[in-house]
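The structure under discussion appears below in the form of structure tokens.
The values are calculated or read from the model by the stated rules, or taken from the named source; none is laboratory data. Note that the structure is a prediction, hence the values are computed from the model and not measured. Here the Cβ positions follow ideal geometry from the backbone for every residue, glycine too, while neighbour counts run over all protein chains shown. Please note that ligands, DNA and RNA were not included when accessible areas were found on the heavy atoms of the full protein model with its side chains. Shrake-Rupley method; radii C 1.70, N 1.55, O 1.52, S 1.80 Å.
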Amino acid sequence: QVQLVESGGRLVQAGDSLRLSCVASRGTFSTRTMGWFRQAPGKEREPVTAITWSRNTYYADSVKGRFTVSRDNTKNTVYLQMNSLKPEDTAIYYCATAGFGHGITTSEANYYYWGQGTQVTVSS
């Protein structure tokens, strides 16, 4: 079973940058699509970005041009670089691993393993 551990979330000010990390233990990390999702207070969880094993990427419109997803398969780690943060980026950020055979996907149903989440708070 794949275990995912996120880190890097903290309180920052609007305009700041932050990098989140997600380390996967066990499993075949390098062949799976990885996704980042977020859930703001009082809202449903939403997809933020995804990256395939071949590094094809998807970004939600709300983060395009500000967030960058990357992965280091040698370290079983996926990163989320967040620049120009806004108060509306405040949320718990989760990383997740898709099942085998999925390309770019934003459907939570295709993500089988989830981390515990890391809190990002952006003050105005």
| remark: Going through segment 74-124 in order, the residues found to be of a type in the set (A, V, I, L, M) and over 18 Å from L11 (Cα atoms) are V78, A96, A98, I104, A109
| said: As an exercise: evaluate G117 against (1) over 13 Å from the mean Cα position of the chain (by Cα); (2) among the small types (G, A, S); (3) under 18 Å from R19 (Cβ atoms) and give the number of the one condition it does not meet. | reply: (1)
| message | Taking the conditions exactly as written (closer than 25 Å to P41 by Cβ, among the basic types (K, R) and free of Cβ contacts under 8 Å to residues at least 12 places away in the same chain), does K86 satisfy them or not? | response | no
| remark: Note on segment 88-114: residues open to solvent by less than 50 Å² (accessible area, probe 1.4 Å) and not in a loop (DSSP other than H, G, I, E, B) are D89, A91, Y93, Y94, C95, A96, T97, A98, N110, Y111
| message | I need a count of the residues in segment 18-28 that are out of contact with any Lys or Arg (no Cβ under 8 Å at 6 or more places or on another chain) and either open to solvent by less than 10 Å² (accessible area, probe 1.4 Å) or aliphatic (A, V, I, L, M) (or both). | response | 3
| request: Looking for whichever is touching a Pro at 6+ places or on another chain (Cβ under 9 Å), under 22 Å from V2 (Cα atoms) and modelled with pLDDT of 95 or more here; the options are R45, R38, R71. Which one fits? | output: R38
| query | Taking segment 1-15 on its own, how many of its residues are in a strand (DSSP E or B) and open to solvent by 20 Å² or more (accessible area, probe 1.4 Å)? | reply | 5
| Restricted to segment 31-83, and to residues that are of a type in the set (K, R) and surrounded by 14 or more Cβ atoms within 10 Å (Cβ to Cβ), which residue is farthest from T105 (Cα to Cα)? | R66
